[in-house]
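> I have a structure I would like to understand better, so I am pasting it below and will then ask my questions one at a time.
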Amino acid sequence: MTIEGLKLDNQVCFPLYAATREITKRYRPILKELGVTYPQYLVLMVLWESGQLSVKEMGARLHLDSGTLTPMLKRMEQQKLVDRRRSGEDERVVVVELTAKGKEAETVAECIPEQILAQTNLTEAEMVELRRLLNKMLEPMDETE
């Protein structure tokens, strides 16, 4: 690698980092209406999609470990957004599902993706392509974990 390769403007990690911080900052006021943080919103999204998941499955889907997920899920349970219970088949497995309040939040959240897209300079097609490329980038990294 040359010195050129060490310049900030030549890094992919920096615009990813900066974009992540900016996008997350844009979500804050929108998610305030739901009373959730961005990571809690991610939990809600996977549960809206899946209905219920084990903590392990959720961690794999969200790239989060159980040490991060468990306290967050406890807070969400206190907020009456999710229920946690032991699996009937395996007591070691904790299953998470939405409460009625958690399911109702989906209706409030439906407009969020459009609101965020409107705050970028990307078209919907460009956003789809960006997501495709980022997922492609993550694939080999998922395999090495």
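> In this structure, does Thr107 turn out to be hydroxyl-bearing (Ser, Thr, Tyr) and within 21 Å of Lys80 (Cβ to Cβ)?
Yes, satisfied.
> Still on this structure, please answer the following. Counting only residues that are at pLDDT below 90, surrounded by 10 or more Cβ atoms within 10 Å (Cβ to Cβ) and either among the hydrophobic types (A, V, I, L, M, F, W, C) or in a loop (DSSP other than H, G, I, E, B) (or both), how many does segment 100-145 have?
The qualifying residues number 1.
> Taking the condition at pLDDT 95 or above and either of a type in the set (A, V, I, L, M) or not in a helix (DSSP H, G or I) (or both), does Glu97 pass?
Spelling it out, Glu97 is indeed at pLDDT 95 or above and either of a type in the set (A, V, I, L, M) or not in a helix (DSSP H, G or I) (or both).
> Turning to a different aspect of this structure: If you go through segment 102-112 one residue at a time, do you hit one that is touching a Lys or Arg at 6+ places or on another chain (Cβ under 6 Å) and either in contact (Cβ under 8 Å) with a residue 40 or more places away in the chain or charged (D, E, K, R) (or both)?
No, the conditions are met nowhere in segment 102-112.
> When segment 81-94 is examined, which residues are found to be assigned to a loop (DSSP other than H, G, I, E, B) and more than 19 Å from the chain's Cα centre (by Cα)?
Within segment 81-94, Ser87, Gly88, Glu89, Asp90, Glu91, Arg92, Val93 meet the criteria.
> In segment 12-64, what residues are of a type in the set (Val, Ile, Thr), closer than 30 Å to Gly88 by Cβ and touching a residue at least 24 places away in the same chain (Cβ under 8 Å)?
Matches in segment 12-64: Val36, Val43, Val55.
> Considering only segment 74-93, how many residues are farther than 17 Å from Met45 by Cα and either buried (at least 18 other Cβ atoms within 10 Å of the Cβ) or of a type in the set (S, T, N, Q) (or both)?
So the answer is 2.
Here's the yes/no breakdown for (1) within 19 Å of Arg131 (Cβ to Cβ); (2) at pLDDT 95 or above; (3) loosely packed, with under 12 Cβ neighbours inside 10 Å; (4) more than 11 Å from the chain's Cα centre (by Cα):
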{"site": "Leu6", "(1), (2), (3), (4)": "no, no, yes, yes"}
{"site": "Gln11", "(1), (2), (3), (4)": "no, no, no, yes"}
{"site": "Glu33", "(1), (2), (3), (4)": "no, no, yes, yes"}
{"site": "Tyr41", "(1), (2), (3), (4)": "yes, yes, no, no"}
{"site": "Met58", "(1), (2), (3), (4)": "no, yes, no, no"}
{"site": "His63", "(1), (2), (3), (4)": "yes, no, no, no"}
{"site": "Ser66", "(1), (2), (3), (4)": "no, no, no, yes"}
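> Return the residue satisfying two criteria in turn: it lies in segment 10-60 and is part of a helix (DSSP H, G or I) and among the hydroxyl-bearing types (Ser, Thr, Tyr), and of such residues it is farthest from Arg85 (Cα to Cα).
My answer is Tyr17.
The values are calculated or read from the model by the stated rules, or taken from the named source; none is laboratory data. The model shown is predicted, which means the values in this text are computed figures rather than measured ones. Cβ coordinates were reconstructed from backbone atoms using ideal geometry, including for glycine residues, and neighbour counts include every protein chain displayed.
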